[in-house]
Structure formats: structure tokens, C-alpha cells
1. Going through region 31-52 one residue at a time, which ones are closer than 18 Å to residue 121 by Cα and among the basic types (Lys, Arg)?
2. Residue 103 - would you say it is outside any helix (DSSP H, G or I) and modelled with pLDDT of 85 or more?
3. Of all residues in region 119-145 being at pLDDT below 90 and aliphatic (A, V, I, L, M), which is surrounded by the fewest Cβ atoms within 10 Å (Cβ to Cβ)?
4. Which ones in region 44-79 are acidic (Asp, Glu) and within 18 Å of residue 117 (Cβ to Cβ)?
5. Which residues, counting only those in region 55-85, are within 18 Å of residue 128 (Cα to Cα) and surrounded by fewer than 17 Cβ atoms within 10 Å (Cβ to Cβ)?
6. Please work out which residue is surrounded by the fewest Cβ atoms within 10 Å (Cβ to Cβ), limiting yourself to region 86-100 and to residues that are part of a loop (DSSP other than H, G, I, E, B) and touching a residue at least 60 places away in the same chain (Cβ under 8 Å).
7. Of everything in region 37-54 that's of a type in the set (A, V, I, L, M) and over 20 Å from residue 92 (Cβ atoms), which residue is surrounded by the most Cβ atoms within 10 Å (Cβ to Cβ)?
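The values are calculated or read from the model by the stated rules, or taken from the named source; none is laboratory data. Treat the numbers as computed from the prediction; the structure is a model and nothing was measured. Methodologically, a virtual Cβ is constructed for each residue, glycine included, from the backbone with ideal geometry; neighbour enumeration extends over all protein chains shown.
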Amino acid sequence: MIIKISLLMVMIVALISFTGCDEETPDRDRIPQLKDALYKLQVAVKSTEISAIDSLLSSDIDDYEQSSDSLLSFVSRDATGFEFVQFGKAEMFYTKTLARIDCFIIGSIPEEEIAVTLTFKLDDERWLLKHFELGHQSMIPVETE
């Protein structure tokens, strides 16, 4: 009787394990790629070169009525004397084709860190910025396509 119950338990655990495996886990190699995409965006924004920023934007950004100009305006906060220094304290959440990075815009005024969510889309093995917004969004799920 104990053997039958143990065997039944093993079969139930195996069945649960197999039913949860129908979707592959995203590749962990994406993490360094996302860090690199964020760094490249940071360098481009800091340089204020529109063409450099444009090369890191997905065409989907137009759907949100955003652009390199609006990104520069979003991070610079010139009216308050705030000068962009970097994106910091990043937390990354990703699927196979979409990623969300919750981070802070860190500027020349150390007390003023601005929470921002950056959404990236994988496009031909490159992570491109799809959308940006103030604040950190709910943990999961990453938005769907």
C-alpha cells in the first residue's frame, strides 16, 4: 500500500512538472545583452546625439508618440537644473522578445532620483527601446506583444 501511494505521488509530481514545461525559460544570455542595451542608451542620452539615440529605438516607439527628442526631454529636466548622469539601480524582467527595466534616472542633484520604466523589444538580436514612462510598473507580467 505504501509503495502504491509513493508511486502515485511520484507520478503526480512528474505530471505537474511536465505540464509546467510547455514554455521555455528565456535564455540567461539575454541579461548581459540587456545591460549592454541600457548602457548604450545611457551613453547616447548623455551625449545628446539624436542619431545615436535613434539607432537604439524600436519603430514601435512611434505607437506611444515618443522619440529621441522626447526621451532627451524626459531625462534632462532642464527647468529644475537637473542634468542626466546615468540610469541606475536597474532591475530587469524579460521574456524571449520583450524586456522591462525598472531603474532610476540619476542626475546632477543626488537627492533627485526619478523612477522610470524602460520597455525593450528584441529586434534581430538587438534590444531596442520600445517605450518609456515615469514610475515603476507592477512586477510581472512583462507586457505582451
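1. Scanning region 31-52 gives 35, 40.
2. Numbers: outside any helix (DSSP H, G or I): yes; modelled with pLDDT of 85 or more: yes.
Considered against the rule, which asks whether it is outside any helix (DSSP H, G or I) and modelled with pLDDT of 85 or more, residue 103 comes out as yes.
3. 140
4. 60, 63, 65
5. Hits for region 55-85 are 55, 59, 60, 62, 63, 64, 65, 67, 69, 70.
6. Of everything passing the filter in region 86-100, 96 is surrounded by the fewest Cβ atoms within 10 Å (Cβ to Cβ).
7. 53
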